[in-house]
Amino acid sequence: MRQEGEGQLTPERLLEGLNPQQREAVAYTDGPLLVLAGAGSGKTRVLAHKVAYLVAAERALPQQILAVTFTNKAAKEMNSRISRLLGQDLKGMQVCTFHSYGLHFLYRNAKRLSRLGLSPSFVVFDRADCKNLVKRIVSEQNLDPERFEAGRVLESISHGKVNSDPKTMHPGDLEGQNLMLYEAYQKRLREQDAVDFDDLLLLPLHILSTDEEALESERARVRYCLVDEYQDVNRPQYLLLKRLVGPSGNIAVVGDPDQSIYQWRGADVSMILNFEHDFPKAKVVILSQNYRSTEMILGAANAVIRHNRNRKPKDLWTTRSGGESVRVLFAGDDEEEASFVASEIKKLRQRGYPYRETAVLYRVNALSRTYEKAFLERGIPYRVVRGVSFYERKEVKDILAYMRLALNPFDEASLYRIGNVPVRGLGSRG
């Protein structure tokens, strides 16, 4: 990695320290590229080096590169790595999430928002704002709040948006009361000069699908597009990328069909499986060397995933030979599973391992209750780690609601949030 004072960075130096497959992925800049990156194979390093390589090789200016990730944390890490490699803070480079890209696209195209019912100072509703809006609509329509639970209604609305026509924005697969709720929800959003997270993808896609001037302008801005975790893209994200890239084909995607676990929230693994069909001239590079796990762990993982028919074949390997055998428990239910884990923790404690050196990982927060019960029964001290992000803290959301309402007096969600903060004796009519 480049340190200050080491002189000019060259493309050749950026390839130093990479394995042959990583070098191949970084150095290829002549069209579509699919990098199948197994777990622990150094994909983040490849992405960062590839962006730096494009700049060092003068294939693109920093501001002409768009690198898209799925989380703000991943975007921040990639931006930091790229800056360290190039030895400078590249403020013009677009390293961001899909939603962040969509938001800034709408800001850049403020003059086109009026026909969509928005002003340049529109606000973005988070999930809590959207749920509260749905609850009010359900109440106003005299619908059963249990049958039309806000979370499920929002899922239905999101499904309709994700499957909508980019040109007409007519929601797909919605009918009857679901369609009525969708239309009421969209109407109320626009009345409050607001968009939701789905709109941050759908509105840019709509503009790029219906406005040739906007499309050409954006393609001139984005000369190279790089995408992380491509196995997790959904339909609007995929269509947005296709519109952006166009005939140039300057797109590099990194992903692994074997790690596709977000279908429940709209991810479509067929996008990565069909990449070579979408881009017939695509080059494929497989990163199969794992730097994270032992031979035993990889052997077990390869044996399991090999049974998946809907994948691109690859076997991970490592130079870290040996390792402890993988133990698998087939429990009858969640209580049996938690009881086994608690017993194993007690055995480790008896062998001299302190409790603080033991961690239990679970997929969803709802699973913690069974484990907590088992730990309490056996006298095992524990701490549940559930971080609340800064912007999710009540006092922060309250302050932001005041600021949003000051800027946008039509923001009903913010008014409902702070109408009684501090307490003013306001409440629902009884």
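The values are calculated or read from the model by the stated rules, or taken from the named source; none is laboratory data. Since this is a predicted model, take the numbers as computed values, not measurements. Here the Cβ positions follow ideal geometry from the backbone for every residue, glycine too, while neighbour counts run over all protein chains shown.
Scan the strands (runs of 3 or more DSSP E) fully inside the range 1-115 and keep the ones with 2 or more residues being at negative phi and either more than 27 Å from the chain's Cα centre (by Cα) or polar (S, T, N, Q) (or both).
Numbers: elements: 33-37, 65-69, 94-97.
Strands (runs of 3 or more DSSP E) meeting the threshold: 94-97.
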Qualifying position, being modelled with pLDDT under 95, in a helix (DSSP H, G or I) and either touching a Cys at 6+ places or on another chain (Cβ under 6 Å) or under 28 Å from Val233 (Cα atoms) (or both), among Ala301, Ala267: Ala301
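In the list Gly172, Gly246, which residue meets the criterion of being over 17 Å from the mean Cα position of the chain (by Cα), surrounded by fewer than 20 Cβ atoms within 10 Å (Cβ to Cβ) and in a loop (DSSP other than H, G, I, E, B)? Working first, answer last.
Working: Gly246 fails: in a loop (DSSP other than H, G, I, E, B).
So the residue among Gly172, Gly246 that is over 17 Å from the mean Cα position of the chain (by Cα), surrounded by fewer than 20 Cβ atoms within 10 Å (Cβ to Cβ) and in a loop (DSSP other than H, G, I, E, B) is Gly172.
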Single condition Lys76 does not satisfy, out of (1) without any contact (Cβ under 8 Å) to a residue 40 or more places away in the chain; (2) out of contact with any Gly (no Cβ under 9 Å at 6 or more places or on another chain); (3) surrounded by 17 or more Cβ atoms within 10 Å (Cβ to Cβ): (3)
Any hit, the range 306-320, residues being within 30 Å of Thr370 (Cβ to Cβ), out of contact with any Phe, Trp or Tyr (no Cβ under 7 Å at 6 or more places or on another chain), exposed (fewer than 12 other Cβ atoms within 10 Å of the Cβ) and not aliphatic (A, V, I, L, M): yes
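Out of curiosity, is Leu400 within 16 Å of Phe125 (Cα to Cα) and more than 27 Å from the chain's Cα centre (by Cα)?
No, not satisfied.
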Qualifying position, being surrounded by 10 or more Cβ atoms within 10 Å (Cβ to Cβ), under 25 Å from the mean Cα position of the chain (by Cα), closer than 23 Å to Val35 by Cα and of a type in the set (Ser, Thr, Tyr), among Ser368, Ser288: Ser288
The one condition in (1) crowded, with 17+ Cβ neighbours inside 10 Å; (2) among the polar types (S, T, N, Q); (3) in contact (Cβ under 8 Å) with a residue 60 or more places away in the chain that Asn132 fails to fulfil: (1)
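Can you confirm whether Glu183 is in a helix (DSSP H, G or I) and among the charged types (D, E, K, R)? I'd like the intermediate steps shown before the answer.
Details: in a helix (DSSP H, G or I): yes; among the charged types (D, E, K, R): yes.
So Glu183 passes the test.
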